[in-house]
Amino acid sequence: MSRPFTILVAALGGEGGGVLADWLVEAALNEGFPVQRTSIPGVSQRTGATTYYVEIFPTKGVRRPVMALIPSPGGIDLMAASELVEAGRAMQNAFVTAERTTLVASTHRIYATSEKMVPGDGRYDSEKILAAAPQLSKQAILFDMSALAQEAGTVINAVLFGAMAGSGVLPLSRASCEAAISGGGRGEQASLRGFALGFARAEGGAAALPAQTTTGIAPQVDRVRQDFPEPLHTLLGEAVARLNDYQDEAYASLFLDRVRQVLPVDRETRGAADGYPLTSEVARLLALWMSFEDIIRIADLKTRSSRFARVRTEVGAKDGQPVVIVDYLKPGTEEIADILPVFLAKRLRHWQKQRGKPFSFGLKLRTSTFFGFLSLRLLALLKPWRRKSSRFIEEQAAIERWLGAVRRLGLASLDRELVMEIAQCAAIHRGYGETLRRGRQALAKIFDSLLENEAATAKGIDAFRKAIRNARIAALADPDCAQPAPAKTAAKSVFWMKQG
C-alpha cells in the first residue's frame, strides 16, 4: 500500500474514545507499522463528539512517511462511530464515501441536546441514517454495540474496536489488537470479552444477547400476552416494568386497565391491519404520563446502587479509590406542594400567590456521604405516600379526562386521524415547574374550547381535526401559548424625509 490507511473515530464523552485510539496505535506498533494519532475535542458530551484521527502506514521497513494531522473529506478508509447520529454527521460531512470508506457504527441512540430542547418529540429520524449508510459507504457494519457492551460488562469502545478489527479492512491482525488491550489492568478481561463480541458480530457470527428478565412482573406480563395482540407486547412489557419500578404492581395493572379500554377504539378504526397504532401511541404517552417525575422519583433514582456503579465506571475509578458525587437541587414551592396532601398543598400555593414571586432554595448535597445519601433516601422512601399527594391526584384526574376524549363515542368511526390527534395532545403535558404549569394551561384550554365543546364540531370533522392539530402544534412550539396574548398597539405612521 503506497499511502497511509486512514481511520476516523467519533466517540462521546465517557465512552473511552481516547483509549480506543491508543489501542489502535499500540496494535500498529505491535505489527511494526509507522502510525500517528491526533484528536479534536468536542464542545461537550452531547453537542459534539470528540474525534480521533489515526493514520497507519501498513508496510514494514520503509522510510518514515509524512502523515496528515487532520482528516480530509473523501480521504477516510475506516470511519467508526459510537452512536448512530455521529455516523450521520460523518456522512453529512463527506467523511464517508462509497468508493473508499467502510463505516462501522453502533445503532443505539444517546439523544443530543438539540433533540432534548425541542418540545414534544425532537428526535432525529434514525431510519434515514440507517437507509443512507449502505448507499453512501463502501461497506456498512451497523448493530447495537451498547447492548453488547452491557453483556460483556465493559465500555462500548471495546466492542467498537472488535467490530473495526472484524470488518476485514483494518490492516491489523486480531492478535495484535488483543495484545494492545492486554496489560490494561482492571477491566482488561471485560474489554477482551467486548472485543470478541464486536469482532464476531462484524465478521457475521452470532453475538447473542441475554434474554430480558421479568422478575417481579410475571403476572402483568402474562396479562399482556393474554389480553393484547402480539404487536403491542414489547411496548406494553416495557411500560409495565417501568411502572412497577415507579410505583407498584397495582399501578402497572391500572395502566393495563386503561390501555385495554382504548383497544376497541383502535379496532373500530381498523387499526389491526396497521399494528394497532392508536393503542400503541396511547400506551406510550400514558406510560410516560403515569411515571411523571417528582421529588420522590428523583431522590429514588439518585440513590440507587446502579447509579454509583455507573459513575465510578464513567470516571474510571479504581478499586478503593473514593469518588465524590455532588447533586445540585433547587426545589421550589410547586415541587414541595406536589408531594403534600391536597389541603396542605392549597395552603402553600395560596401563600405563594400572596407572596407575589416564586420561592425556591438551592441545595448542594454530597450524595456520596452518609448525610447526603440519607437525606435523599428518606425522600425516596415516601413512594407509598405518593398516591395521597396533590400532584398524583391531579395527574390521575387529567389522565382520565384525556382518555375520555380518546374514547369519546362516535369520534373513531367518523375519523381515524382525529382520534390520533386527540391522543397526541398528551405530549403537551410535559416538563416541570413553569413549563409544566403552562403545558397544563394549554391542554386545559384545548379541552375547554375544542375537545369538550360541542360547538367546535359544527364546522365539520375536517375543520375540527385541523383545529386540534393547530392548537397542539402551537402549544408544543410555544411554551407561552397558554398565556394571554399581549394587547395590540396602534400602528404608527412612518414619515420619509429628504436629506438636506
For this session: Mind scanning 330/357; 364/388; 116/302; 357/388; 445/466 and naming the pairs with a C-alpha gap bigger than 24 Å?
Result: 364/388; 357/388
Seminar exercise, completed: Using alpha-carbon coordinates alone, the radius of gyration and Dmax of region 1-148 in Å work out to 15.9, 59
Exercise. So what's the projected area for the chain, the Cα convex hull averaged over all directions, in nm²?
Worked result: 35.8 nm²
Seminar exercise, completed: Kirkwood calc, region 389-480, C-alpha pairs only, radius in angstrom 13.6 Å
Exercise. Helix 233-246 sits at what angle to the longest principal axis of the chain, using alpha carbons and giving 0 to 90 degrees rounded to 10?
Worked result: 80 degrees
Problem set entry | Beta bridges by DSSP in the chain, antiparallel share as percent, to the nearest 5 | 60 percent
For this session: Could you work out the Rg to Rh ratio of region 221-274, with Rh taken as the Kirkwood radius (inverse of the mean 1/r over all Cα pairs)?
Result: 1.00
Problem set entry | For region 73-153, alpha-carbon Rg and Dmax in angstrom | 13.3, 40
For this session: Show the residues, 5+ positions off or on another chain, whose built amide H is closer than 5 Å to the amide H of residue 169.
Result: none
Seminar exercise, completed: Final fewest-first order of 429, 233, 350, 108 on the 10 Å Cβ neighbour count is 350, 233, 108, 429
Exercise. If each Cα of region 303-385 is one equal point scatterer, what is log10 of I(q)/I(0) from the Debye formula at q = 0.13, 0.25 Å⁻¹?
Worked result: -0.58, -1.22
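Each reported figure results from applying straightforward, stated rules to the coordinates on display, with no laboratory input. Computed from a predicted structure; not experimentally measured. Please note: Cβ atoms are built from the backbone with ideal geometry, for glycine as well, and neighbour counts cover all protein chains shown.
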